[in-house]
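Working notes, structure below.
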Amino acid sequence: AVYLFGVTLARTLPWEKKILREDDQSWDNGRRFVDSCGGDFSSDTGTLESPGFPGFYPNNLYCFWTIKSEDGTPLTIEFTDLDVEFQRNCVYDYVMICDGPYVTSPPLANGKLCGNFKLLGFDHYNPPKFNTTGDEASIVFRSDYMNPKKGFRLKWTSIGKYMISIYLHSSLFNYQ
């Protein structure tokens, strides 16, 4: 991984499944690492949770995950739970979905998400859902030094897998 001022800028390398945490005194070359924060997934379906979910996430995290569909079709990403410290511009804690494999890829959802379903105008019956234009996405999660919340859980499905499911489902009910 590539670091600038203690923040991960580039993709997590396959053997690195840990990420920076700055609030601990046991530092390794100025960096403290936490398990389960960052990584690469290559799968048509899956679930991703913030560290500590459904308990509180740790302070001072910067996590970066990439997701790539195996079948090469775009992804649908849906939050099944979201509770991140709210601030109008999401400068403290946030989740960001990028339309591509890099932190510099264009963001979906108008940028950063923070708060919860109710604050964002969603509910558990109508959760936030986003579609990528390609077969890769990246998820960034950032927490500051205080006010941790429950975090998030999201699931992804490749659109190819989703379309097959719809076809099979509709075929069962339209059988003549």
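For segment 110-128, which positions are of a type in the set (S, T, N, Q) and open to solvent by 70 Å² or more (accessible area, probe 1.4 Å)?
Our first condition is that a residue be of a type in the set (S, T, N, Q); within segment 110-128, this holds for 110, 116, 126.
The answer is 110, 126.
Within segment 42-83, can you find the residues that are in contact with a His (Cβ under 9 Å, 6 or more places away or on another chain) and either surrounded by fewer than 17 Cβ atoms within 10 Å (Cβ to Cβ) or at pLDDT 95 or above (or both)?
Residues of segment 42-83 that are in contact with a His (Cβ under 9 Å, 6 or more places away or on another chain), as a first pass: 80-81.
Result: 80, single match.
Tell me, yes or no, whether segment 27-37 has at least one residue that is closer than 20 Å to residue 158 by Cα, open to solvent by 50 Å² or more (accessible area, probe 1.4 Å) and modelled with pLDDT of 55 or more.
no
Residues that are without any contact (Cβ under 8 Å) to a residue 40 or more places away in the chain: list the strands (runs of 3 or more DSSP E) wholly contained in segment 37-87 that include at least 1 such residues.
Because the criterion is at least 1 residues that are without any contact (Cβ under 8 Å) to a residue 40 or more places away in the chain, the strands (runs of 3 or more DSSP E) in segment 37-87 that meet it are 39-42.
Please verify whether residue 104 is surrounded by 21 or more Cβ atoms within 10 Å (Cβ to Cβ) and polar (S, T, N, Q), treating the condition exactly as stated.
Working: surrounded by 21 or more Cβ atoms within 10 Å (Cβ to Cβ): no; polar (S, T, N, Q): yes.
In short, no.
Just checking, which of 92, 102, 57 is under 14 Å from the mean Cα position of the chain (by Cα) and farther than 26 Å from residue 158 by Cα?
Values: 92 fails: under 14 Å from the mean Cα position of the chain (by Cα); 102 fails: farther than 26 Å from residue 158 by Cα.
It is 57.
Go through (1) under 14 Å from residue 79 (Cβ atoms); (2) assigned to a loop (DSSP other than H, G, I, E, B) one by one and return the number of the condition residue 134 breaks.
Evaluating residue 134 over (1) under 14 Å from residue 79 (Cβ atoms); (2) assigned to a loop (DSSP other than H, G, I, E, B) leaves (1) as the failure.
The values are calculated or read from the model by the stated rules, or taken from the named source; none is laboratory data. Everything numeric in this text was worked out from a predicted model, so none of it was measured. Neighbour counts run over all protein chains shown; Cβ positions are idealised from the backbone, glycine included. Note: accessible area is taken over every heavy atom of the protein model, side chains too, but ligands, DNA and RNA are not part of it. Shrake-Rupley method; radii C 1.70, N 1.55, O 1.52, S 1.80 Å.
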